[in-house]
Amino acid sequence: MADALIQMHHVNKWFGKFHVLRDINLEVATGERIVICGPSGSGKSTLIRCLNRLEEHQQGDIIIDGMTLTGDIKGVETIRREVGMVFQHFNLFPHLTVLENLTLGPIWVLKTPKAQAEQEAMTYLERVKIPEQANKFPGQLSGGQQQRVAIARSLCMNPKIMLFDEPTSALDPEMVKEVLDVMVGLAEQGGMTMLCVTHEMGFARKVANRVIFMDQGEIIEENDPVSFFDHPQSDRTKLFLSQILH
Amino acid sequence: MSKPTLLSPTRAPTTATPTPLVWIRTQLFSTPGNALLTILSVWLLIMAVPALLDWAFLQAKYSAQSGQECREVEGACWAFIAEKHRLILFGTYPYEQQWRPLVSVFLLVALVLMSAWRRLWTIWLFPIWIGGLTAVALLMWGGVFGLTFVENTLWGGLPLTLILATFGVALAFPLGVVLALGRRSELPAIKTICVVYIELIRGVPLISLLFMSSVMLPLFLPEGVTIDKLLRALIAIVLFAAAYVAETVRGGLQAISKGQYEGADSLGLSYWQKTRLIILPQALKIVIAPLVGIFISMFKDTSLVVIIGIFDLTLAAKAALTDPAWQGFSMEVYIFIAAIYFIFCYSMSKYSQALEKRLAVGQQH
């Protein structure tokens with residue numbers, strides 16, 4: 001796809017001597033929803049962190065919305081406005097209220113006036129179903145609520161792409177569903193390009209256009225969910241699936 | 001869903017306040033070692049306290065005409081302090097104008113106390129400090145608004161100590177923060193400059209910096225240009241304190257989890273926006289206690305300006321001792337200024353505790 005939203009060509013990355021991403025080639029079209037799975041240490045988090053330059057790749061090209069990702073700080077900041085990220089450990093700002101967490105980006109980066117930013121923030125808080133928590137501090141919320149605030153915070157920037165780095169891995173089991181529901185809602189509302197690193201295979205089946213399996217820095221297999229789960233091709237994929245689906 | 005009925009009813013916790021005798025037995029005489037320590041401590045107190053109280057209060061002379069009268073008494077000569085307190089507190093400032101340094105002292109204390117008020121933690125804090133410090137400068141120097149001009153060689157005592165400490169801290173703090181950020185920068189030139197500065201300054205005692213600024217600085221200046229002696233001392237104090245502030249703030253910056261930096265980055269915040277809005281507020285909050293520790297040290301270190309002949313509180317105390325009519329009361333004088341230093345330093349300590357407590361409320365990590 002020449003005009004794919006995200007293009008990764010022959011991307012290689014090393015941490016010192018450790019080759020963490022090996023010759024990654026990936027293209028994501030607008031509106032596509034990708035789930036990336038694999039054993040720990042396979043480089044899946046590193047891959048999506050390269051997309052907003054939280055990690056730097058040493059070889060290859062990453063092109064997002066037509067802009068090549070390089071060390072140029074202005075370019076990086078422009079790309080980061082288009083790419084929202086939800087972290088495993090939420091990374092909310094503890095010294096600001098929930099509402100301030102949400103309006104920080106729009107006010108300072110998008111130069112939105114404060115009143116308008118707050119109005120939009122409340123809309124997103126309602127979308128993630130916690131408008132009553134607007135004036136609380138993150139430390140006063142449960143894990144599931146914090147993650148939903150984190151999702152709303154990224155959405156307030158109106159990004160084209162949303163990256164999810166194991167969003168439910170740090171949550172208590174009873175809170176996983178509320179976060180997944182929000183993510184499913186986001187997917188079904190249409191239009192948002194999502195890349196999600198997760199172990200939640202039910203979510204993958206429900207929402208993903210493509211499931212990608214990574215192991216030891218390489219993309220081993222990618223397929224639509226039905227084919228991926230029911231007819232895995234590679235032995236390594238079969239082994240992984242047997243380990244996590246029990 | 002109704003609350004489930006419990007198998008055993010909730011009971012109030014049992015509290016037993018021990019009787020005094022029981023308390024003494026369990027807290028002071030629980031083991032033979034503790035009993036020995038208790039007896040030793042009580043013996044020391046019996047030896048020291050009555051003698052101290054006797055000397056300081058019971059046999060002390062509170063008013064006297066000359067040193068001779070005081071020497072006839074066994075106790076402390078507080079009359080000496082009563083006689084000399086204006087000299088000790090205000091140095092050689094003209095006698096009738098001494099209300100000006102007094103007001104300056106109150107202004108400086110008010111500035112510091114106000115800075116603890118959270119309502120003022122906005123961009124307005126800077127103009128308030130600049131305004132306050134300018135008012136102090138105007139009051140002390142005079143020459144405007146009908147106030148007679150008083151050259152700063154005549155300033156002395158407590159206002160001078162406070163001015164050196166407050167101006168020093170007010171200027172060292174932003175410089176220290178910038179140095180800390182610079183040391184963590186990825187740009188090699190900036191990082192090297194900051195590292196060299198911090199390590200050089202931390203490697204020398206303040207006294208040598210004071211000597212250098214007082215003696216060497218004039219050598220580097222062009223012919224005829226002189227820098228005021230007080231300003232030279234202030235420069236040395238600011239440069240010295242900034243290095244220590246920098247290392248403390250750097251500790252705070254390191255304590256912020258990487259996720260905070262990443263969360264800010266992922267929103268597209270620039271370096272300065274990220275530092276100002278996310279990182280510094282959290283980092284500075286963490287290091288309040290060690291920062292106030294530095295300020296308390298700096299307040300006491302201002303007494304070193306004695307070496308370059310600036311008339312701070314300590315030198316004023318020494319000057320009071322040179323009066324031939326009142327000889328031999330150094331104990332009283334040094335206790336007096338020790339008490340003044342203690343009042344200020346203890347207040348700063350309490351201030352820091354109050355600040356920490358106030359900031360912990362409503363902010364939960």
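The values are calculated or read from the model by the stated rules, or taken from the named source; none is laboratory data. What you see is a predicted model, and the numbers here were worked out from it, not measured in a lab. Ideal geometry is used to build each Cβ from the backbone, glycine not excepted, and the neighbour counts take in all protein chains shown.
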Quick check: anything in segment B:284-297 of a type in the set (K, R) and within 14 Å of chain A (Cβ to nearest Cβ)? yes
Tell me which residues, restricted to segment B:149-208, are of a type in the set (D, E) and either touching a Gly at 6+ places or on another chain (Cβ under 9 Å) or closer than 28 Å to B:L108 by Cβ (or both). B:E151
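Considering only residues that are of a type in the set (D, E, K, R), in a loop (DSSP other than H, G, I, E, B) and closer than 22 Å to B:T248 by Cβ, which ones fall in segment B:143-193?
Hits for segment B:143-193 are B:R184, B:E186.
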Among the candidates A:S154, A:S169, residue that is touching a residue at least 40 places away in the same chain (Cβ under 8 Å), assigned to a loop (DSSP other than H, G, I, E, B) and of a type outside the set (A, V, I, L, M): A:S169
Identify the residue in segment A:28-70 that is without any contact (Cβ under 8 Å) to a residue 40 or more places away in the chain and in a strand (DSSP E or B) and, among all such residues, is surrounded by the fewest Cβ atoms within 10 Å (Cβ to Cβ). A:T68
Mind listing just one residue for me: the one in segment A:95-120 that is surrounded by 17 or more Cβ atoms within 10 Å (Cβ to Cβ) and part of a loop (DSSP other than H, G, I, E, B) and, of those, farthest from the other protein chains (Cβ to nearest Cβ)? A:T112
B:Y346 is checked against (1) buried (at least 16 other Cβ atoms within 10 Å of the Cβ); (2) under 19 Å from the mean Cα position of the chain (by Cα); (3) under 25 Å from B:G176 (Cβ atoms) and fails just one. What number does that condition carry? (1)
Mind checking which residues of segment A:186-198 are more than 10 Å from A:V35 (Cβ to Cβ) and either among the hydrophobic types (A, V, I, L, M, F, W, C) or modelled with pLDDT under 90 (or both)? A:L186, A:A187, A:E188, A:Q189, A:G190, A:G191, A:M192
Need at least 1 residues that are under 32 Å from the mean Cα position of the chain (by Cα) per element, so show me which helices (runs of 4 or more DSSP H) inside segment B:26-100 make the cut, counting only ones lying wholly within it. B:32-53, B:78-90
Enumerate the pairs (first residue in segment B:188-208 and without any contact (Cβ under 8 Å) to a residue 24 or more places away in the chain; second residue anywhere and in a loop (DSSP other than H, G, I, E, B)) with beta-carbon separation below 9 Å, excluding pairs fewer than 6 apart on the same chain, so at least 6 apart or on different chains. B:K191/B:R184; B:K191/B:S185
Sort out for me the helices (runs of 4 or more DSSP H) sitting completely within segment B:205-312 that have 3 or more residues that are within 26 Å of A:L54 (Cα to Cα) and either among the aromatic types (F, W, Y) or modelled with pLDDT of 90 or more (or both). B:229-255, B:258-266, B:271-274, B:280-286
